[in-house]
Amino acid sequence: MSLSLDRVEIESVGSDPVRLAGALLDQLPVLDGAVPIHEIALALDILDIREAPLSGLEACLQTDHHKSYGQVVLNAASSPRRQRFSIAHELGHFLNERHGPTHEGAFACSRDDMSAPFGDPRHRRQEQEANSFAIELLAPLSRLGPYLRPVAELDHALAISDRFDISREAAVRRYVELHRDCLAAVFTRHGQVRYIEKGEGFPRVNFWVGDDLGPALRLPAPDAEGLTELDEADPHIWLTSPGRHDLFVQTLH
Ligand SMILES: [Zn+2]
């Protein structure tokens with residue numbers, strides 16, 4: 001697919017990342033499958049997208065002072081779906097007039113930056129905005145209705161991942177953000193909390209980054225896909241102030 005996009009018109013909407021993504025989506029033809037992020041970037045003054053063995057980083061954007069052009073370098077070890085998100089994230093930095101390089105003339109973005117950024121407020125804001133831009137571009141709200149209407153289940157988030165060709169992690173974050181049910185996703189590695197993504201109004205959770213989830217995760221055996229049934233859980237284990245909440249837990253291994 002060869003695309004012709006008007007960068008000036010896109011950037012004329014200002015620095016709000018969701019509006020920027022919306023202005024870009026408005027210029028695309030009607031899409032059925034995944035958003036063609038490589039072609040989009042190359043149509044918007046990104047001259048080159050290549051892979052390299054990056055240590056501790058997911059992607060970098062090199063650009064000049066006026067952002068007249070850009071070059072994106074992706075972590076060669078990351079999956080194609082993560083790389084698609086990385087291109088969209090770097091494009092978010094590139095098109096946003098308020099974003100400035102934080103590492104010697106370049107944007108250098110880690111896996112944390114692309115999921116749960118921390119650090120000084122300016123860095124955190126830029127990374128969060130690049131993520132908001134990326135997910136609105138790759139999984140536009142206007143196309144998510146069929147996935148958001150049913151009662152919440154991880155199956156629907158996994159369907160978003162497949163349909164829009166984004167990682168399961170990015171799809172689950174999007175699902176938690178937009179679903180009308182009160183949801184949170186706890187991302188773990190080796191049973192320890194990496195970060196927690198909470199939807200609006202979700203109560204305080206008992207766990208912090210690095211905590212062991214051992215006792216909380218006594219759940220039914222997963223199916224062949226690694227997914228458990230949605231199961232009622234004890235809110236006293238999970239919530240700081242359990243109140244009268246009913247709590248259901250589902251796990252994807
Ligand atoms: Zn970034």
What's the long-distance tail for segment 1-95, i.e. % of Cα pairs beyond 22 Å?
26 percent
Find which of THR188, ALA159, HIS253 sits farthest along the positive direction of the dipole of the chain, computed with +1 on the beta-carbon of Lys and Arg, -1 on that of Asp and Glu, about the Cα centre.
THR188
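Ignoring ligands, DNA and RNA, what percent of the 1.4 Å accessible area of segment 143-249 is carbon and sulfur? Mind showing how you got there, number by number?
On the way: 3050 of 6250 Å².
Carbon-and-sulfur percentage of accessible area, whole number: 49.
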Round to a whole number: what % of the accessible area of segment 7-138 belongs to carbon and sulfur, probe 1.4 Å?
50 percent
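About its Cα centre, what dipole magnitude does the chain give when the only charges are +1 on Lys and Arg Cβ and -1 on Asp and Glu Cβ, stated in debye to the nearest 20?
Values: 25 positive and 39 negative charges, 59 e Å.
For this selection, approximately 280 debye.
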With a 1.4 Å probe and every protein chain left in place, work out the accessible area per residue of segment 7-138 in Å², rounded to a whole number.
45 Å²
C-alpha center-to-center spacing [segment 1-62, segment 64-131] in angstrom
12 Å
If one computes the Cα centroid of segment 154-210 and of segment 219-249, what distance in Å separates the two points?
14 Å
I need the peptides 170-178, 184-192 ranked by packing, meaning the mean over residues of other C-beta atoms within 10 angstrom, with the highest value on top.
170-178, 184-192
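So, for segment 160-253, what is the accessible surface per residue at a probe of 1.4 Å, expressed in square angstrom? Walk me through the intermediate numbers first.
On the way: 5660 Å² over 94 residues.
Accessible area per residue: 60 Å².
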Give the residue from GLN126, SER55, PRO140 lying farthest towards the positive end of the charge dipole for the chain; charges sit on Cβ (+1 for Lys and Arg, -1 for Asp and Glu) and the dipole is referred to the Cα centre.
GLN126
Once amide H atoms are built 1.01 Å from N in the peptide plane, which residues 5 or more positions from GLU58, or in another chain, come under 5 Å H to H?
CYS109, SER110, ARG111
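The values are calculated or read from the model by the stated rules, or taken from the named source; none is laboratory data. Predicted model only: the values in this text are computed from it and were never measured. Ideal geometry is used to build each Cβ from the backbone, glycine not excepted, and the neighbour counts take in all protein chains shown. Remember, those area values only see protein heavy atoms, side chains included, never the ligands or the DNA or RNA. Shrake-Rupley method; radii C 1.70, N 1.55, O 1.52, S 1.80 Å.
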